[in-house]
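This report refers to the structure that appears directly beneath it.
Read-outs throughout are calculated quantities, based only on the coordinates presented, and are distinct from any laboratory measurement. The structure presented is a predicted model; accordingly, all values stated were derived computationally and were not measured. No Cβ is skipped: glycine too gets one built from the backbone with ideal geometry, and neighbour counts run over all protein chains shown.
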Amino acid sequence: MKLHSILERGDMLKCALCKDAPCDRACPKGLEPARRLRSVWFANEETAALSLAGQDSCRDCPAPCEAACLRSGQVPIRSLLSRLSAEVLPLLDTGLPVDEAALRTDLCGVPLENPFLLSSSVVASNFEMCARAFEAGWAGAAFKTICTLDIHEASPRFSSIKGDNGSIIGFKNIEQLSDHSVPENMETFRRLKKDYPTKFILASIMGQNEKEWEELARTCEENGANGIELNFSCPNMMEGGLGSDIGQVPELVERFTAAARRGTTLPLLAKLTPNVAAMSPAAEAAQRAGADGIATINTIKSIMQLNPHTYVSSPAVRGQSAVGGYSGNAVKPIALRFLAELGQNPKLAGMHLSGMGGVETWRDALEFLLLGAGSIQVTTAVMQYGYRIIDDLKAGLNYYLCDKGIRQVKEIVGQALDSVSPTTDKLERDTVIFPKFDRQKCMGCGRCAISCSDGGHQAISLNEKRQPVLNGRNCVGCHLCVLVCPNGAIKGTGKRVRKP
C-alpha cells in the first residue's frame, strides 16, 4: 500500500467539491467523478482506484464532465480518473474489503460500528442533523453541550485561516453551548435512541455547580444517552468559573467529575483543555473521581486576523472581538502531543481516550489511533466538507487495515507510543542522512539553495545548469531543503554517513 499519495490535492486544486456535482450528471459512463475526486482530496486514492477497476476507461471520452464543471477548464477530471486507473491501480495488491467488520470497536464497552463520532459542537446540535449524520455512516455523536444557561450567540462567530487552495487550515470560533433547553434536548435524545438504537449518543454537559453536574448527568442517562462527556474545556464559557477555567484546575475537575459520577452509571469521559502545560494532572484527577475516559483536545485559545484599518481581530462583532477557540488541521500536532502524554501515563492505563483536533482524513485518524485513541471525534472538517467525509474516513481506514492484515481496529491503538519521547535527548545523533535530488523533477528554481544559505548550513549551490549541488562537508542533514522544494524533487533518503 502506498502511504504517500501519487495524486495530491494540488492535482485538483480548483475542484470545489460540489454538492450534487454537475460532473456526475454529465458523465456518460456513470463513473461518479465527484466521488472519486473527493477520495483523492481525502487521501483515499487507493479505494477510488479499486472502485474503478473493470469499468470503461475515460481515455476515449470527450469529457463532458469537464465542460459541465462549475470551474470549466480548471479541473482535469478525465486526467485524474485516468491516472487512478493507470498509475494507482497497478500498484495495489489488496482488493477492496468485503465488509467493515474490522472497524467495529467500543467505547468503554459500549459497541461502536466504527471509531468515528461527531464531536460536541454545532454539527451535532439537533435531531435532524444527527439523524443525517447517522444515516451517512457516523457511529455516533457527542451532542452539543447541554446546560441550564440562557445562551445567546454572537454574529458573526467564525473566522479562518486558509491555504493556497482555499481550504481552511485553521478555524476560530466564539460559539458557546446548546441554545436549546434541557427538556428540548432530552426530547431529541429520546427520538434519536428510538430511531437509531445502535448509534452512540455521548451527552456533553456543563453544570454551574455540583448539583447541576449531577442532575444533568442523571437526566441524560434517563433519556437515552450511552455515555456522558464532561465539558471542562470550552474556551468560550469562562464566566463564573466555567469551561476551560475548570479544566486548568485539577481540584475542580475532580470535584465536578465526582458530582457527575453520583448522577450516572454510564461511561464518563472528561473533556480536557489544551490550554495547560500538561494534561495529566487534570486527567488523573478525573480518574480519581470516577471518570472512565478522557476526551482531548478541545479548542485552543486564540486571536487571529487583526484588521489593519479597524485594529479589530476576527470575527468582529460590532467593533469588538474576543479570545476564541482555535481548531482545524493546524492543531493536529498539538492534539497528538497531548494524546501521547496521556497514552504514556501509566496511571491512566485502561482509560478510554477519545481523540480529536484536526482530523480530516483517515490518515489523520490513524495517527490518533496509533497514539492511543480508542475513538475519534470530528467537527471542523465536517463544518467545511459535510457529513459525507465519513465515506472516506471509513473506506480509507478499512482498506489500510485489510492491506496490513489487521483484523480489528483496536489492534493498532497505541502502537506508536513507544516511538515517541517527550524530549529529544534520547535521539541518536551520530549520523547524518544527506538529501537526495531527483534531477527529473527539479525545475531549477533554487529554493533549496536559498533556504540552505539563509536558514541552514550553506551546503547547497546551483551549477551552470541550475541543478542543486550538495557540499557534504557542510550538510548536517536537517532536511530543510526537502520541506521547501515546491516540486517534491528532494527526498530525505540519501546517503547515510557517520559524523567525524
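Which one of Pro315, Ala330, Ser233 has its Cα pushed farthest toward the positive end of the charge dipole of region 101-419, where Lys and Arg give +1 and Asp and Glu give -1 at the Cβ?
Positive-end residue among those listed: Ala330.
Calculate the dipole size of region 450-498 relative to its Cα centre from +1 charges on Lys and Arg beta carbons and -1 charges on Asp and Glu beta carbons; express the result in debye to the nearest 20.
That gives a dipole near 300 debye.
Towards the positive end of the charge dipole of region 402-496, with charges on Cβ (+1 Lys, Arg; -1 Asp, Glu), say which of Cys481, Gly456, Pro422 has the farthest Cα.
So the residue furthest toward the plus end is Cys481.
What is the mean projected area of the alpha carbon convex hull for region 431-498, to one decimal in square nanometres?
4.0
Check the straight Cα-Cα distances from Lys404 and name the lysines below 18 Å, setting aside those fewer than 8 residues away within the same chain.
Lys2, Lys394
Using the Cβ atoms and a cut-off under 13 Å, what net charge is assigned to the surroundings of Cys18, where Lys and Arg are +1 and Asp and Glu are -1?
That works out to +4.
Excluding same-chain residues fewer than 8 positions from Lys301, which lysines have a Cα within less than 18 Å of its Cα?
Within the straight-line cut-off, Lys301 pairs with Lys172, Lys271, Lys332.
Report, as a whole number in µm² per second, the diffusion coefficient that Stokes-Einstein gives for region 346-402 at 37 °C and 0.692 mPa s using the Kirkwood radius over alpha carbon pairs.
Using the Kirkwood radius from Cα pairs, D works out to 274 µm²/s.
Exposure proxy check: Ile297, Ile433, Ile168, Ile205 ranked by fewest other beta carbons within 10 Å? Could you put the intermediate results ahead of the total?
Working: Ile297 26, Ile433 15, Ile168 21, Ile205 30.
The fewest-first ordering by Cβ neighbours comes to Ile433, Ile168, Ile297, Ile205.
Straight-line reach from Lys193: which lysines have Cα under 17 Å away, leaving out those fewer than 8 places along the same chain?
Lys144
Over all alpha-carbon pairs in the chain, figure out the percentage whose distance exceeds 44 Å.
Above the 44 Å cut-off, the chain has 21 percent of its Cα pairs.
So what is the calculated 222 nm ellipticity per residue for the chain, using -39500 (n - 2.57) for each DSSP H run with n of 4 or more, over all residues, to the nearest 500 deg cm²/dmol?
-8500 deg cm²/dmol
With all pairs of different alpha carbon atoms counted, what Kirkwood hydrodynamic radius in Å does region 9-91 show?
Every distinct Cα pair counted, the radius reaches 12.5 Å.
If you take the C-alpha gyration tensor of region 242-320, multiply each eigenvalue by 5 and take the square root, what semi-axes do you get, largest first, in whole Å?
After diagonalising the Cα gyration tensor, the semi-axes are 34, 13, 10 Å.
Would you give the gap between the C-alpha center of region 315-334 and the C-alpha center of region 446-468, rounded to a whole Å?
With region 315-334 and region 446-468 each reduced to a Cα centre, they are spaced 37 Å.
Considering only the other residues whose Cβ falls under 13 Å of the Cβ of Pro281, what net charge follows from Lys and Arg at +1 and Asp and Glu at -1?
Around Pro281, the surrounding residues sum to -2.
Sorting Phe434, Phe189 on the 10 Å Cβ count, fewest up front, what's the list? List each step's numbers first, then the result.
Working: Phe434 18, Phe189 23.
With the sparsest Cβ surroundings first, the list reads Phe434, Phe189.
Could you grab the relative contact order for the chain? Cα pairs under 8 Å, six or more apart, rounded to a whole percent.
Dividing the mean separation by the residue count of the chain yields 12 percent.
What list do you get for Asp454, Asp56 if you sort them by fewest beta carbons within 10 Å?
Least to most surrounded, the residues fall as Asp454, Asp56.
Taking the simple approach of a point 7 Å from Cα along Cα-to-Cβ for both Gln467 and Asn209, what is their distance in nm?
Reported label-point gap for Gln467 and Asn209 is 7.8 nm.
Cα-based Rg (one decimal) and Dmax (whole number) for region 88-184, in Å?
Gyration radius and largest Cα-Cα distance of region 88-184: 18.5, 58 Å.
Treat every Asp and Glu Cβ in the chain as -1 and every Lys and Arg Cβ as +1, leave all other atoms uncharged, and give the resulting dipole magnitude about the Cα centre to the nearest 20 debye.
That gives a dipole near 1780 debye.
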